[in-house]
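Visitor: Shown below is the structure under consideration.
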Amino acid sequence: MANNLIDVFEKNKYNLHAASRKSRAWFDQQVLLLRQQNIRASRIMKGDDLTTNILPGKMYCFFYDAKHKDTLPYWDQFPLLLPFDKWNGGFMGINLHYLPYQLRAQLLDRLMYFANNKAMDETTKLRFSWGTIKEVSKLSMAKSCVKQYLTEHLRSPFKEIPANNWATAIMLPIEQFVGSSKQAVWQDSIKIGR
């Protein structure tokens, strides 16, 4: 019986490798298709559904001007944030732009463990904290994405991304890094997440 099981794994390992390659190709194709739509941050921020308030556990994008921009090696002018803490004068969250697209998808998938429901509608939100991220090894890649924002440095209202659009939002090429290329930022984030 054990030999039969080993034979099954041996026989299918190449098929799984091929399936993995096909999956990666499909994923890369989806990112390319979104990039070709020429979606810009300014276009996303149009509409009357903007808000001045955020709720921890939801997803938002907004324009931001970093307080210490002159000394930071790089920063994102248009964060895509999952806030988890809020206080008078600021908030903290995971800016998904600090990861390459595929790692964003993996992180969001892991964070869905903390969703209050599976409906993926206006009632869906994530319930996690900085302590959760530090303690759960599967979330180690989030460490490089945890950022603090000051309300006095906001340059726009917030655009809430409905939960049913989270998977699309993380694939949009709308990150706006200042001081470095996105590839360099992503490489730093990968090193920090190890």
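FYI, it's all coordinate maths here, none of it is from the lab. Note that the structure is a prediction, hence the values are computed from the model and not measured. Cβ placement follows ideal geometry from the backbone for every residue including glycine, while neighbour counts extend to all protein chains displayed.
Visitor: As an exercise, use a Förster radius of 22 Å and the Cβ-Cβ distance of residue 137 and residue 167 to find the FRET efficiency, rounded to the nearest 0.05.
Guide: 0.40
Visitor: List every residue whose amide H lies under 5 Å from the amide H of residue 172, counting only residues 5 or more places away in sequence or on a different chain, with H placed 1.01 Å from N in the peptide plane.
Guide: none
Visitor: Still on this model: Please give the length that would be gained between residue 181 and residue 67 if that part of the chain were fully extended, namely 0.36 nm times their separation in residues minus their C-alpha to C-alpha distance (nm, one decimal). Please report the intermediate quantities before stating the final value.
Guide: Numbers: separation 114, 0.36 × 114 = 41.04 nm, distance 2.00 nm.
Net length gain for the segment: 39.0 nm.
Visitor: With labels modelled as points extended 7 Å from the Cα through the Cβ direction, what inter-label distance (nm, one decimal) is found for residue 106 paired with residue 151?
Guide: With each label placed 7 Å out from Cα toward Cβ, I get 3.7 nm.
Visitor: About its Cα centre, what dipole magnitude does the stretch 117-194 give when the only charges are +1 on Lys and Arg Cβ and -1 on Asp and Glu Cβ, stated in debye to the nearest 20? Don't skip to the end; give the middle numbers.
Guide: On the way: 12 positive and 7 negative charges, 64 e Å.
With Lys and Arg at +1 and Asp and Glu at -1, about 300 debye.
Visitor: Now for a separate question. Per residue of the stretch 179-189, what does 6.51 cos²θ - 1.76 cosθ + 1.60 with θ = phi - 60° give for ³J(HN,Hα)? Whole Hz please, x for Gly and Pro, Karplus curve as stated.
Guide: Values per residue, Gly and Pro as x: x, 6, 6, 5, 4, 5, 4, 5, 5, 4, 5 Hz.
Visitor: Could you list 97, 153, 68 in order of exposure, starting from the residue whose Cβ has the fewest other Cβ atoms within 10 Å? Display every interim value, and only then the final one.
Guide: Values: 97 27, 153 14, 68 8.
So the residues, fewest neighbours to most, are 68, 153, 97.
Visitor: Apply the Karplus curve 6.51 cos²θ - 1.76 cosθ + 1.60, θ = phi - 60°, to the phi angles in the stretch 65-74 and return the couplings in whole Hz, x for Gly and Pro.
Guide: 10, 4, 4, 9, 4, 6, 10, 6, x, 6
Visitor: While we're here: Dipole size in debye (nearest 20) for the stretch 41-193 around its Cα centre, Lys and Arg Cβ +1, Asp and Glu Cβ -1? It would help to have the intermediate numbers written out before the result.
Guide: Details: 19 positive and 14 negative charges, 64 e Å.
So the dipole magnitude of the stretch 41-193 works out to roughly 300 debye.
Visitor: Of the cross-linked pairs 69/118; 86/118; 118/191; 67/118; 46/134, which ones have a Cα-Cα span greater than 30 Å in the structure shown?
Guide: Result: 69/118; 118/191; 67/118; 46/134 exceed 30 Å.
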